[in-house]
Structures are given as C-alpha cells and as structure tokens.
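Notes for the one structure printed next.
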Amino acid sequence: MLLDKCRSFSAADDARALGLYPYYPGSQGPSGRGQVVLDGAEVCMLGSNDYRALSSNPQIIGAAQDALALYGTSATGPRHRSGNLDLHEELEADLADFFGFEAALVFSTGYMANFGVVSCLAGRDDMVLVDERAHASLVDGARLAGANGARVLSYRHRSPEDLADHLAAAPERPSLVVTEGLFADSGRAAPVAQIVEVCERYGATLLVDESHGVGLLGRGRGVIHESGMAGRAPLVTLSFGTSLASQGGAVLADARTVDYLRHHCRPQLFAAGLSPAETAAAHASLREIMRQADRIPDAVTAAEHLRAALEALGFDVEPSIGPIIPVRFPDEQGMLSAQRLLLDHGIYANAVLAAAGAGHRLRVVCTDAHTPEALDAVIGVFGQLREKLIPQRRQPD
Ligand SMILES: Cc1ncc(COP(=O)(O)O)c(C=O)c1O
C-alpha cells in the first residue's frame, strides 16, 4: 500500500525515545533576537539564518505592518494575473541595482526561485552540472530539467577541475553550471573565481545561489563580489529567508532572460505572488543592508571570535567564512548527543547529518544579535562541557 512507508517510518520515534530528536524545536516568540524560548526554556539561538537580526528590527516590522495595512494580507493571485504589486517591482529594481544586474524577478520562496529557474532554463539537449552538495532546490530543479531531457551530472564539491573535466567531455552541449556561493551547511565558499574561469572557457552559463552570502560578504552583495567576479556570473538567485529577514526569493539576470522567466517559469506563473508584508519586509531589509554595506557585519566578527575560541578549546572546527561555524563529530550519535547536551545547557545549534563525503556536524551560527557578553557565556558552556562533547579530544595546537 502507498502509505506503508509512512506507517513503518520509525527513525524519528527512535530518536525521540532516546531524547535525541533534534528537529522541529518549538519556538515560542521571535527567534531572531539571540535569545529564544524553545520548548519552554530560554536558550541562546545559535542556529538561525536571520544573520543580520533584522526579523525583529522595528523598522523592518514597521515596513511590513504598513504594507499589510495598505495592501491587505495577500497578493491575491499569480503575478501575471491579479498579483503584480508595485511593491514587487520596486523591490526588483533595487535588487537589480544593488547586485549589478539589468533585472530581477521575485518569487514566493527561494526554493521556487532555484527550482523554477534551473528547470525552466535547461531542458532537451542541454546539460546541467550541479555541485554535489548544492541545496535541494537546485538539485530538484536539475532533476526536473533531467525529466525534460537535459543531461544532469553532479561535479565534485567545490572542484573547478572536476567541473572542467565534465564540460570538456561534452563541449558542444549548452550547459548550466549550478553552485551555492556560501554553502549553507558548511559555511565554505565556492571557488567562484575558478568556476567563472572554467565556465567562460567552455561557454557554460553559471548560476550562483547567494542565499547565505547576501548581507554578509562582498559588501552585502555575496560571494561573487567578495571573489572579485562581479558581472561574471550571468545568473544569481537568493532566498529572502536569510539576511533579508522575510519569505521569498529572487533571480537576477539580464533583462531578456528575466522576461523569458516571467513568461515561462512555472513556479512564477502558477503560484500566488509574494505577500505585501513579506515583500515590504524584504525590501526594508535590503535597504538596511545597502545602508550598512561598508561595515563588516557583527555576525561575521562574532563568528570569527567564536570560531577561534572553539578551535582553541580543541573542537574539530571545519574551515569556514562568514557567520556559519561547522563543528564536526565522528558519528551521528556523538553529534546528536552534543546537540542535546548543549540544549540542556541553554544553547541551540543545528544538527546536520552527513551528506555525501561530509561528516556529521553541529552548525553553529552567529548573527548580529549575539553580543560579546552572550558569546563569552557560550564559550564558557562549550569549555565547561568540553570533555563530554569531545570524547577523544584532539590536543589544541
Ligand atoms: C542555499 C539555499 N538556497 C535556497 C533555499 C530556499 O530558500 P527558501 O527558504 O526561501 O525557500 C535555502 C533554504 O534552505 C538555502 O539554504
């Protein structure tokens, strides 16, 4: 029977029975303020993507409230019908301007932007090359492109050499190369300069998902700008669920490509437009990021401090940049136990199960909301729990 797999699914119950289930923590109240009430207890939130802590900023909330009062709760339909608001178009104009593109197109989620753009632009006779650890929305878009006749391959994580080998093997195919800019789980940047060079050499079109670099790196513009490659990646996508403190997503491209997507991209055509309040919140956040573009974000400074402290304590910290600090554990049980122990001591971090070739990690994330005092308290807890968290502790260098 179809639902047999659901009835026999027991992994979540098994983890719950052991007290090690790490998902769907119940957040009571806002999660963007550094401290949050999770399942009734106040904890330090070190697992939020609200990197610039704008989701609780009064100015952003005010912009969303104003839009709600003026435009109502809903866009009322897909954008090509009743749902195209001036709010969408104003946001698109500022996104294009800030990131240095001719045009932008807003979607109702970042997932839909990635899924829609990849599956719309690649099809029969094309090739899609996806970094093996790219976000599910990019992978799923590539799968649909594959169902439509594209040849879909993954290349080794962050490897321009492997990418070049694949492109060299099929130089005649129009190709789309897909990567995250800053990888969400590991906090490592793609080698964008080398990937751009390979794409240009083989005439491939590059799409970079800047969801986790926007607002943080490259003067707020992401990894492409940070790598000195502005203008050299023809397609950029982003989610508004990170530094833009909202819901939604966008693609940035040349005007002809955006117009093509406006008329062919199915998640754009067959879904309601982004709601007024979400659009206004994303736009107000973008304005704030533009205003502060010359400052190094507090989230980045905080993460540098915490990363160095965790390394000094002997934790197995993977190299990363920006606000994400991946702390590796030898096995799933060790990682889940560490996550639970930290939670019991007032710290929430994300549990990330191993992807292909990657270890089990805690994803520890700093935001602008983490004060030096809060971080010192966090470092104190990691220090106090060190022997329990690292059974076979590496000696600090
Ligand atoms: C790299 C990346 N791209 C896209 C998305 C999807 O964005 P959204 O949450 O806006 O659908 C996410 C969110 O998990 C992400 O991490």
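Each value in this text was obtained by applying a stated rule to the coordinates, not by laboratory testing. Computed from a predicted structure; not experimentally measured. No Cβ is skipped: glycine too gets one built from the backbone with ideal geometry, and neighbour counts run over all protein chains shown.
Here are some notes:
- Annotation: the antiparallel percentage among DSSP beta bridges lying fully within the chain is about 55.
- In nm, spacing of pseudo-spin labels at Leu18 and Leu341 (7 Å Cα→C-beta vector): 1.5 nm
- Shape class of segment 1-130 from the Cα gyration tensor (axes a ≥ b ≥ c, square roots of the eigenvalues): oblate, since a/c reaches 1.5 or more and a/b does not exceed b/c.
- Ordering Arg221, Arg386, Arg173 from the fewest to the most neighbouring beta carbons within 10 Å gives Arg386, Arg173, Arg221.
- Residue among Ile321, Phe9, His212 farthest towards the positive dipole end of the chain, charges placed on Cβ: Phe9
- More than 39 angstrom apart: percent of Cα pairs within the chain: 19 percent
- Segment Ala354-Asn84, length gained on full extension (0.36 nm per residue, minus Cα span): 93.1 nm
- Antiparallel %, DSSP beta bridges [both residues in segment 58-291], to 5: 40 percent
- At the listed q of 0.08, 0.15, 0.18 Å⁻¹, the Debye profile of segment 58-291, built from one uniform point per Cα, gives log10 I(q)/I(0) equal to -0.27, -0.94, -1.31.
- Taking packing as the residue-averaged number of other Cβ atoms within 10 angstrom, the listed peptides 336-349, 241-254 run from highest to lowest as 241-254, 336-349.
- Three-way shape label, segment 249-397, alpha-carbon gyration tensor, a/c 1.5: prolate
- The stretch between Ala41 and Ser8, if pulled fully straight at 0.36 nm per residue, gains 8.7 nm over its current Cα-Cα span.
- Per-peptide average of other Cβ atoms within 10 Å, ordering 231-240, 150-159, 29-38, 277-286 highest first: 277-286, 231-240, 150-159, 29-38
- In this structure, Ala272 and Asp97 have a Cβ-Cβ separation that, at R0 = 25 Å, corresponds to a calculated FRET efficiency of about 0.45.
- Using the average count of surrounding beta-carbon atoms within 10 Å as a protection proxy, the listed peptides 260-267, 4-11, 41-48 rank, highest first, as 41-48, 260-267, 4-11.
- FRET E, pair His264, Thr73, Förster distance 25 Å, beta-carbon r, rounded to 0.05: 0.30
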